[in-house]
Amino acid sequence: MRILIIGAGVIGLSYGWLLSRDHQVVVMARPHRAEQLRAGVQMRLHRAGGGRRGRPSLVGRFRPGVVDEPVDADLALVAVDRTRLGELLPMLEPLAGSTPLLFMLNHWDIVGEVSSWLAPGHYCVGFPGQIGGGHTAEGIEATLFDRGTRLEAGARGRRALLDRIDSALAAAGLKVKRERDMPGWLAVHYLQQSLTLGPLLEAGGYDRLCADDAALRRMVLALREGVAVCRARGIATGRIPPAPLLRLPVGMVAAGLGRMFSQDDTRRMVLAHLAHGRAEWRAGFFEVLAAGRRLGVPMPIWDSYSSLVAG
């Protein structure tokens with residue numbers, strides 16, 4: 001396939017690099033970034049768990065084809081910062097009907113934003129959760145987790161296309177799970193990233209949060225408020241993680257969060273993303289809070305972080 005990657009950040013370049021083994025990959029980038037890409041980007045994807053089971057890190061140089069505007073392809077994979085999607089959609093509209101569009105990004109209401117520009121049959125939705133990391137002076141350094149790539153199951157008319165995308169991702173070494181309600185899954189998942197900045201700032205840093213039981217308990221309560229907003233939106237959250245886990249006793253969930261944050265892979269991913277994605281996290285925090293207020297959902301714990309996040 002000829003695959004157009006829209007978004008020359010960690011996710012776009014990492015997924016593009018893996019897909020380029022078997023497919024012709026072209027990256028759309030702004031002029032200053034295009035020059036860097038043509039020279040090649042050093043890629044280093046660490047295996048989760050430090051390469052246990054004898055699997056080394058993936059290292060190489062990625063020299064994709066580069067364009068400065070959307071071009072027709074067999075697939076366009078859109079992996080931009082959520083805050084940039086609005087300015088990009090008018091540019092994508094001409095591709096509708098000729099190039100299938102796959103949106104792979106964190107989003108609170110992707111259907112609500114995209115539907116103003118694209119008909120439902122012209123795009124599909126996934127999530128690139130198998131890779132997370134940041135930029136270095138040399139290029140991209142990220143963690144490749146064992147699982148985490150999501151793709152919508154798809155209505156009958158689009159299932160053949162989605163099956164081809166699934167196969168391409170799997171051949172690139174990615175483990176794909178299909179979701180019946182991908183927009184709903186995205187909304188619930190969005191809560192984790194959108195909230196994390198507040199507890200981090202309140203605790204005084206990443207390592208302090210990992211060891212602060214009271215801060216982790218408050219984080220659990222705030223996440224429950226976020227799930228309540230999802231339910232008020234009509235999303236069936238019962239089987240979408242982490243919503244089921246949040247029904248467990250607060251102390252148990254807080255301890256689990258602490259263990260998760262203490263893992264080296266999680267720490268590396270969160271801190272790397274925080275270094276370049278704080279504006280996106282901040283926007284997400286207030287987006288969820290605004291939805292809760294609009295829907296009449298009490299969010300006292302979530303709201304208590306507002307001054308820290310705004311600053």
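None of the figures in this text is laboratory data; all of them are computed from the coordinates on show. All figures in this text were calculated on a predicted structure; none of them were measured in a lab. In this analysis, Cβ positions are derived from the backbone assuming ideal geometry, glycine residues included, and neighbour counts consider all displayed protein chains.
Please work out the C-alpha center-to-center distance from region 58-88 to region 253-311 and express it in whole Å. Here the answer is 27 Å between Cα centres. When you restrict to C-alpha pairs under 8 Å that are six or more residues apart and normalise by the size of region 184-310, the relative contact order lands at 40 percent.
Over all other residues within a Cβ to Cβ distance under 9 Å of T99, the charged ones net out to -2, with Lys and Arg as +1 and Asp and Glu as -1. Principal axis extents of the Cα atoms in the chain, from largest to smallest and rounded to whole angstrom, are 50, 42, 36.
Sorted by average packing, counted as other Cβ atoms within 10 angstrom per residue and highest first, what order do 4-11, 284-291 take?
Numbers: 4-11: 24.6, 284-291: 19.6.
Descending mean neighbour count gives 4-11, 284-291.
The stretch between L245 and D213, if pulled fully straight at 0.36 nm per residue, gains 9.8 nm over its current Cα-Cα span.
Seen from Q36, the other residues with C-beta closer than 15 Å to its C-beta sum to a net charge of +2, counting Lys and Arg as +1 and Asp and Glu as -1. When the Cα atoms of region 1-71 are aligned to their principal axes, the ranges along those axes come out at 42, 26, 16 Å in descending order. Assuming R0 = 45 Å, can you tell me the calculated FRET efficiency for the pair S167 and R294, based on Cβ-Cβ distance, to the nearest 0.05? For R0 = 45 Å, the calculated efficiency reads 0.65.
How high is the relative contact order of the chain? Use alpha-carbon pairs under 8 Å, at least six apart in sequence, and give a whole percent. Numbers along the way, then the final one.
Working: 535 pairs, mean separation 50.2, N = 311.
Contact order relative to length: 16 percent.
Taking the DSSP bridge list for region 2-180 and keeping only pairs wholly inside it, about 30 percent are antiparallel.
For D181 and E138, a Förster radius of 45 Å and the Cβ-Cβ distance give a FRET efficiency of 0.70, rounded to the nearest 0.05.
Report the extension gain between S307 and V59 in nm, rounded to one decimal, defined as 0.36 nm multiplied by the number of residues separating them, less their alpha carbon distance. Before the final figure, lay out each step's value.
On the way: separation 248, 0.36 × 248 = 89.28 nm, distance 4.12 nm.
Net length gain for the segment: 85.2 nm.
The packing ranking, built from the mean of other Cβ atoms within 10 Å per residue, places the peptides 238-248, 146-156 in the order 146-156, 238-248, highest first. Computed on region 2-180, with alpha-carbon pairs under 8 angstrom and 6+ residues apart, the relative contact order is 23 percent. If you take every residue apart from V59 with its C-beta less than 13 Å away from the C-beta of V59, what net charge results, scoring Lys and Arg +1 and Asp and Glu -1? Taking every Cβ under 13 Å from that of V59, the sum is +2.
For region 2-180, what is the Kirkwood estimate of the hydrodynamic radius, computed as the reciprocal of the mean inverse distance between distinct Cα atoms, to one decimal in Å? Intermediate results must be reported in sequence, preceding the final value.
On the way: mean 1/r = 0.0606 Å⁻¹.
After inverting the mean inverse Cα-Cα distance, the result is 16.5 Å.
Around the amide H of V67, modelled in the peptide plane, lie the amide H atoms of V27, M28, A29, all under 5 Å away and 5 or more residues distant in sequence or on another chain.
Expressed to the nearest 5 percent, the antiparallel share of DSSP beta bridges inside the chain is 30 percent. Charges were assigned to the Cβ only: +1 to each Lys and Arg, -1 to each Asp and Glu. The resulting dipole of the chain about its Cα centre is roughly 900 debye.
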